[in-house]
Amino acid sequence: MGVAASVKADIGVFPVSAIPYVTSRILNIDMGITTATFFCSLVIFQAILLRKNFKILSLFQILVASLFGYFVSFCNSLLRFDAPEFYPWRIILHTLGILLLSFGVMLYLAASIVPQPPEGVLLAINQISGWRVSTLKIVFDCSLVIICLIISSIFMGTPLYGIREGTIMAAVGIGYGMSIFNRLFLKGLTAFMFQSKPPP
């Protein structure tokens, strides 16, 4: 729903959604399909990077990618309105999308089962290079935006198709939102669970 809200706001999609968004417009197919395909390609990229160290469990990321793509399509179908003409409403809608995605990713990472494909790429590069994940996240997001700019320039006639101020907002806001939700939700829940004493 966070991805769908950012698309409907029409002030720039999230960095990780930039390539699927532009590709869906070029090929005139559903964004959920391009998102799932792109995420699956990231799993293949991990396998190439890690080779023998690639774990079979990581293939479950393909299931995650498929489900994520499906829900992108489903949520896009729910939001059938056009982008608001009043610009502040676009900012509000995009901010809501950032908060929704931040909350979802925070819960997903807290479960600590299988990483989403974009995070899986970061962990794979971290494993072979030793670079900090936070640094890799910045480089990865910037790389996705640059690739999107190139694709947009070639096929859409403008380098800024899908890349606007909202993309920068998301690049900064998603991580910040995750830290806020982590403090407000996860730490509070953990404290509650461990402070609760079993009945005598």
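What follows draws every value from the coordinates through simple rules; no lab data is involved. On a predicted model such as this, the values are computed, not experimentally measured, just so you know. Reconstructed Cβ throughout: ideal geometry from the backbone, glycine too, with neighbour counts over all protein chains shown.
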For the chain, with +1 on Lys and Arg beta carbons and -1 on Asp and Glu, the positive-most of Trp89, Asn53, Phe71 along the dipole: Asn53
Residues of type aspartates and glutamates that Lys55 reaches as a straight line, Cα spacing below 19 Å, ignoring anything fewer than 8 places off in the same chain: Glu119
Value of relative contact order over the range 61-160, rounded to a whole percent, pairs C-alpha under 8 Å and six or more apart: 21 percent
Length-normalised contact order of the chain in % [C-alpha pairs under 8 Å, at least 6 apart]: 35 percent
Max mean-square fluctuation residue, GNM over the chain, Cα-Cα springs under 10 Å, options Gly177, Gly157, Gly12: Gly157
Packing-based order for 85-94, 158-167, 52-61, 29-38, using average beta carbon neighbours within 10 Å, highest first: 29-38, 158-167, 85-94, 52-61
222 nm mean residue ellipticity, helices alone, for the chain (DSSP H n ≥ 4; -39,500 (n - 2.57); rounded to 500): -24500 deg cm²/dmol
For percent of Cα pairs over 24 Å apart, calculated from these coordinates, the label among [x] 35; [y] 44; [z] 39: [y]
Convex hull volume per residue for the range 67-166, taking Cα atoms only, in Å³: 146 Å³
Point-charge dipole on Cβ atoms (K/R +1, D/E -1) for the range 2-183, about Cα centre, debye to 20: 460 debye
